[in-house]
Each structure stands twice: as C-alpha cells, then as structure tokens.
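Chemist: So that we are looking at the same thing, I have put the structure below in structure tokens.
The values are calculated or read from the model by the stated rules, or taken from the named source; none is laboratory data. Please read all numbers here as calculations on a predicted model, not as lab measurements. In this analysis, Cβ positions are derived from the backbone assuming ideal geometry, glycine residues included, and neighbour counts consider all displayed protein chains. The protein model used for the area step is the full one, side chains on, heavy atoms only, and it has no ligands, DNA or RNA in it. Shrake-Rupley method; radii C 1.70, N 1.55, O 1.52, S 1.80 Å.
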Amino acid sequence: MPRIFSGIQPTGIPQLGNYLGAIRNWVHLQEEFECLFCLVDMHAITVWQDPAKLKEQTLQQAAILLAAGINPDQHILFNQSAVSAHARLGWIFSCIARIGWLNRMTQFKDKVGKDREKHSAGLYVYPTLMAADILAYKATHVPVGDDQKQHIELANDIAQKFNYDYQTEFFPQIKALIPPAAARVMSLRDGTKKMSKSDPSAQSRIELLDTADDIAQKIRRAKTDSNPLPGTVAALNERPEARNLVEIYAALSGVSVDNVLLQFEGNGFGPFKEKLTELVVATIDPIAQKARSYLKDPDHIKTILHTGAEKAKAIADPIVEEVEKIVGFIR
Ligand code: TYM
C-alpha cells in the first residue's frame with residue numbers, strides 16, 4: 001500500500017485553508033493509503049515560539065485533527081521532535097541540498113523580505129527538514145496545499161541528488177497531491193494574501209475552533225466589492241476577494257465554481273454570504289465541538305501522540321540507519 005506523509009506546523013489554530021488544502025484530503029486518503037500525519041514542532045521553532053504556547057498549540061492541533069476524522073488506531077499521528085530520525089536525515093539532506101536551491105525557495109524569500117540576515121539558519125534549511133520528514137518513511141504521496149509545491153519539488157531534487165551521489169536507488173520519487181478546488185484559500189481581509197494561521201489579524205481567517213457566531217461575523221465582515229456576483233469565472237479574475245469566497249463555497253458544497261456562479265449570478269454579497277456562512281458552520285462547528293471535548297483530556301491526546309511516535313520510529317529508524325550506512329557513518 002502506498003505511503004502518505006504530511007505535516008502541519010503547530011504555530012496557531014488550523015484555519016479553513018489548512019482544512020480545505022490539506023486536512024480534509026488527509027481524512028479521505030486514510031481509506032486508500034497507509035498514512036502518517038505529523039505536527040511539525042521542529043519546523044515551528046524556525047521562527048520564535050513561546051514554549052508554553054507551542055505545547056498548547058501542538059495539543060490543540062492534535063485535538064482538531066482527531067475531531068476532523070484522523071484515525072490514530074489505523075494510521076499514525078505524532079509530533080516531529082519525538083522521532084529523532086527527522087533531525088538525523090535533515091542534517092544529511094542539508095549537506096545534499098545546494099545553497100543555490102535554497103535561495104530559490106519563494107516561501108523563504110516571502111517570509112524574510114529584505115531582512116534576510118536576521119532570520120534563523122533553521123528557516124533557511126526548512127525545506128531540507130521537510131524533505132527528511134517525507135523520505136525518512138520513503139513516503140511516495142504528500143497531500144498538501146498549493147503553497148507547498150515548490151518544497152516537494154526540492155525534496156525530489158534532494159532525493160535524486162542523494163541517489164546519484166551515492167550511486168543508489170534508495171529514495172523513491174514523491175508526488176504532491178494538491179486538491180482540485182481551494183488549493184490556496186486567501187485571506188478574508190485581502191484576496192491577494194494566503195489565509196494563514198499566523199496572520200496577525202484573526203479576522204483574516206476562519207479557525208477550526210471558531211464558534212458559529214465567530215464564523216458569521218468574520219464572513220459578514222469579509223472584504224468584497226460592491227458589484228453583484230458575475231455569471232462567469234473569467235469575470236472574477238480582477239476580483240480576488242469575490243473569487244476567494246466563491247471558491248470556498250464551491251469547495252465546501254462540492255459544486256463547481258461555474259455552477260455556484262449560475263446559482264448566484266446577479267445577487268449581491270449579502271445573501272451569498274449568508275449561504276456561505278451556513279456551509280462553513282456546517283463543516284467547522286462539529287469539528288470545533290469534538291475538538292473541545294478532546295481537549296478536556298490532554299493526557300489522552302499525549303498518549304495518542306506517544307503511541308504514534310513509537311509507530312513512526314519503527315518505520316523511520318531502520319530507513320535512516322540504512323541511509324547512515326550508505327553515507328559511511330559507523331553505526
Ligand atoms: P502549514 O502548517 O503552513 O500548512 C499545513 C497544510 O495546510 C496547507 N495550507 C493551505 N492550503 C490552502 N490554502 C491555504 N491558505 C493554506 N494554508 C496552508 C499547506 O499547504 C499544508 O499542506 N511546510 C508545511 C509543513 C510540513 C510538511 C512536511 C508538509 C513540514 N514537513 C512534510 C508535508 C510534508 C507547512 O508549513 O504547512
């Protein structure tokens with residue numbers, strides 16, 4: 001059975017983009033694949049994290065993933081730092097990746113802007129650790145949102161260079177699984193910016209622990225323009241906020257963007273936003289409620305993560321030991 005690996009940074013409460021771009025897919029893929037889902041706390045600390053908050057957010061994310069339908073009995077849910085294979089392979093991959101490759105990473109460039117010198121070295125080698133996350137399990141399929149595509153391409157470059165340098169076929173090719181709709185959900189305040197759990201404005205995103213009232217308020221306040229909804233997708237091109245809301249509607253209702261527009265053509269945003277709110281609440285509210293109930297027993301969540309880490313180690317340790325032998329380390 002092909003193996004899936006994917007991860008999420010515990011840097012805040014997961015938002016609707018994480019759900020539509022990744023988590024919803026993870027839940028479905030459990031039917032066909034052997035799956036590992038990882039709370040990537042080592043990636044999180046590439047930018048400063050308050051230690052108490054990091055712990056709290058890791059547990060919160062685990063609760064949300066369980067509430068969304070991740071099954072820790074049949075699959076593996078764990079936090080990255082609990083499995084040392086990630087760090088060991090991450091180092092080897094930092095020695096395989098070329099500085100020029102890392103310089104081309106758009107996420108790094110966007111994050112640091114002109115202020116490159118002040119950021120952590122960890123942020124720079126972030127993609128080499130991400131490659132290690134996947135390849136420590138020889139996972140072949142990685143369900144992610146569109147923003148991670150370049151990182152997956154880099155992981156493939158690293159795997160190929162490793163295979164070439166050491167004259168081996170050890171690492172497989174990786175395939176990114178990107179959803180057809182809502183692969184990049186945008187901010188509710190600015191349709192040109194990605195929705196993000198670390199955006200300073202909580203109004204810019206719908207979080208998976210929001211109440212129905214929070215959701216209604218955020219959607220009511222979501223930026224739009226004053227024109228009615230158009231009848232064609234092409235007419236949304238210059239209207240990023242409108243386009244984003246229509247795409248979210250389409251992704252949640254399972255209807256194509258064309259059909260959403262057929263349904264709402266000529267309507268103002270008022271009635272559309274009401275229907276959209278109903279859809280978002282119907283998806284998020286049950287997850288939020290279940291997650292809150294998981295969070296009443298943090299020890300239970302810790303046990304699930306601990307068990308997951310043991311299962312993950314059993315897969316990754318032999319693979320990474322093999323890599324260490326290939327490299328010439330005495331084991
Ligand atoms: P992170 O924590 O930013 O996001 C987790 C997942 O959610 C997707 N996503 C989105 N999808 C659509 N619209 C959005 N606005 C949106 N925001 C986030 C992301 O694409 C991702 O799939 N580098 C990764 C974590 C990671 C990882 C890995 C992923 C570390 N190691 C190995 C896959 C495999 C990240 O920062 O995700």
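Chemist: Can you tell me which residue within segment 1-39, out of those that are β-branched (Val, Ile, Thr) and over 10 Å from the mean Cα position of the chain (by Cα), is nearest to PRO179 (Cα to Cα)?
Modeler: My answer is VAL27.
Chemist: While we're on this one: Exactly one condition in (1) within 14 Å of the ligand (Cβ to nearest atom); (2) surrounded by 15 or more Cβ atoms within 10 Å (Cβ to Cβ) is false for THR106; which is it?
Modeler: (2)
Chemist: Kindly evaluate GLY270 against the criterion of being open to solvent by 30 Å² or more (accessible area, probe 1.4 Å) and either at pLDDT 95 or above or not in a helix (DSSP H, G or I) (or both).
Modeler: Criteria not met by GLY270.
Chemist: Across segment 120-152, which residue is most open to solvent (accessible area, probe 1.4 Å) among those that are farther than 21 Å from ILE319 by Cα and more than 8 Å from the ligand (Cβ to nearest atom)?
Modeler: The qualifying residue most open to solvent (accessible area, probe 1.4 Å) is LYS149.
Chemist: I would also like to ask the following. If you go through segment 109-119 one residue at a time, do you hit one that is surrounded by fewer than 21 Cβ atoms within 10 Å (Cβ to Cβ), within 11 Å of the ligand (Cβ to nearest atom), assigned to a helix (DSSP H, G or I) and not hydroxyl-bearing (Ser, Thr, Tyr)?
Modeler: Yes, because at least one residue in segment 109-119 is surrounded by fewer than 21 Cβ atoms within 10 Å (Cβ to Cβ), within 11 Å of the ligand (Cβ to nearest atom), assigned to a helix (DSSP H, G or I) and not hydroxyl-bearing (Ser, Thr, Tyr).
Chemist: Kindly evaluate ILE158 against the criterion of being closer than 18 Å to PRO2 by Cα and surrounded by 14 or more Cβ atoms within 10 Å (Cβ to Cβ).
Modeler: no
Chemist: Please tell me if GLN173 is more than 25 Å from PHE37 (Cβ to Cβ), more than 10 Å from the ligand (Cβ to nearest atom) and either at pLDDT 95 or above or among the small types (Gly, Ala, Ser) (or both).
Modeler: no
Chemist: Are any residues in segment 136-158 of a type in the set (A, V, I, L, M), closer than 20 Å to LEU102 by Cβ and touching a residue at least 60 places away in the same chain (Cβ under 8 Å), and if so, which ones?
Modeler: Matches in segment 136-158: ALA136, VAL142, VAL144, ILE158.
Chemist: Let me ask you something else. Being crowded, with 17+ Cβ neighbours inside 10 Å and aromatic (Phe, Trp, Tyr) is the filter; apply it to segment 33-57 and report the residue that is nearest to ARG184 (Cα to Cα).
Modeler: Restricting to residues being crowded, with 17+ Cβ neighbours inside 10 Å and aromatic (Phe, Trp, Tyr), the top hit is PHE37.
Chemist: Further, regarding this structure: Just checking, which of ARG331, ARG243, ARG239 is more than 30 Å from GLN74 (Cβ to Cβ), in contact with an Asp or Glu (Cβ under 7 Å, 6 or more places away or on another chain) and open to solvent by 60 Å² or more (accessible area, probe 1.4 Å)?
Modeler: ARG331
Chemist: Let me ask you something else. Restricting to segment 14-48, what's the tally of residues that are out of contact with any Gly (no Cβ under 9 Å at 6 or more places or on another chain), within 11 Å of the ligand (Cβ to nearest atom) and under 17 Å from ASN79 (Cα atoms)?
Modeler: The number of residues fulfilling the criteria is 3.
Chemist: I'd like to check something: does segment 23-32 contain any residue that is buried (at least 24 other Cβ atoms within 10 Å of the Cβ) and either of a type in the set (Gly, Ala, Ser) or over 23 Å from ILE215 (Cβ atoms) (or both)?
Modeler: Within segment 23-32, not a single residue is buried (at least 24 other Cβ atoms within 10 Å of the Cβ) and either of a type in the set (Gly, Ala, Ser) or over 23 Å from ILE215 (Cβ atoms) (or both).
Chemist: Here is a follow-up. Tally time: how many residues in segment 188-228 are within 13 Å of the ligand (Cβ to nearest atom) and without any contact (Cβ under 8 Å) to a residue 12 or more places away in the chain?
Modeler: 1
Chemist: Inspect all residues belonging to segment 217-226 and state whether any of them is in a loop (DSSP other than H, G, I, E, B), in contact with a Phe, Trp or Tyr (Cβ under 8 Å, 6 or more places away or on another chain), open to solvent by less than 60 Å² (accessible area, probe 1.4 Å) and not aliphatic (A, V, I, L, M).
Modeler: Yes.
Chemist: Do we have ASP157 as in a loop (DSSP other than H, G, I, E, B) and at negative phi here?
Modeler: no
Chemist: Same structure again: Regarding ASP73, is this residue modelled with pLDDT of 95 or more, of a type in the set (Asp, Glu), more than 10 Å from the ligand (Cβ to nearest atom) and under 30 Å from LYS302 (Cβ atoms)?
Modeler: It is true that ASP73 is modelled with pLDDT of 95 or more, of a type in the set (Asp, Glu), more than 10 Å from the ligand (Cβ to nearest atom) and under 30 Å from LYS302 (Cβ atoms).
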